[in-house]
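A quick write-up on the structure given underneath.
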């Protein structure tokens, strides 16, 4: 399973905004983008000013890939599926990424970051509709019930994450029962429910070249 293993904070600095890839650390004074809000590497402070149209489109694609922890080959697959589906390609792409199981687990508040959600799913800590599910990219659908498995309900990571996340931080298309450590996908997400600043049309323009 391919995944990024380098310094996570460099990704946020490269994209110029917080992607919340390290959970609570991103909200603390230790967040690197608060101290160095320019791209990493030599000449990073001048790099944004030099970007042309292609560079802007590329950065938007990279930002979305990193936010959802998706590698290039998988991202292209999502784009092809979004292009074939009815509706606006850019919106279809974001909504396909939004219903990934690792994103849903994180949005429900069971983990402090998407990376932690991905790891815990791979280690069999969650179930979907009563059955074990260890595929982070699993596409959830309205009516699906995602729950912490019985053996994992004393996990300090899951307990701490649930305690730190308030109900108003959970998207309206999800519901969570904290006592039962389970949640449901009540409806398909809408574009307005994605709060991260993303211009998906730039990604469509990039792949249309």
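Every number here is computed from the coordinates shown, using simple stated rules; none is lab data. Quick caveat, the model's predicted, so the values are computed rather than measured. Virtual Cβ from ideal backbone geometry, glycine too; neighbours counted across all protein chains shown.
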The lone condition residue 157 fails out of (1) part of a loop (DSSP other than H, G, I, E, B); (2) over 16 Å from the mean Cα position of the chain (by Cα) is (1)
Could you go through the stretch 116-126 and let me know if any residue there is within 28 Å of residue 202 (Cβ to Cβ) and under 15 Å from the mean Cα position of the chain (by Cα). yes
May I ask you to verify whether residue 157 is in contact with a helix residue (DSSP H, G or I) (Cβ under 9 Å, 6 or more places away or on another chain) and surrounded by 17 or more Cβ atoms within 10 Å (Cβ to Cβ)? no
Among the residues listed as 136, 142, the single one being in a loop (DSSP other than H, G, I, E, B), in contact (Cβ under 8 Å) with a residue 12 or more places away in the chain and surrounded by 14 or more Cβ atoms within 10 Å (Cβ to Cβ): 136
Considering residues that are over 16 Å from residue 114 (Cα atoms), under 15 Å from the mean Cα position of the chain (by Cα) and in contact (Cβ under 8 Å) with a residue 24 or more places away in the chain, the number found within the stretch 63-90 is 1
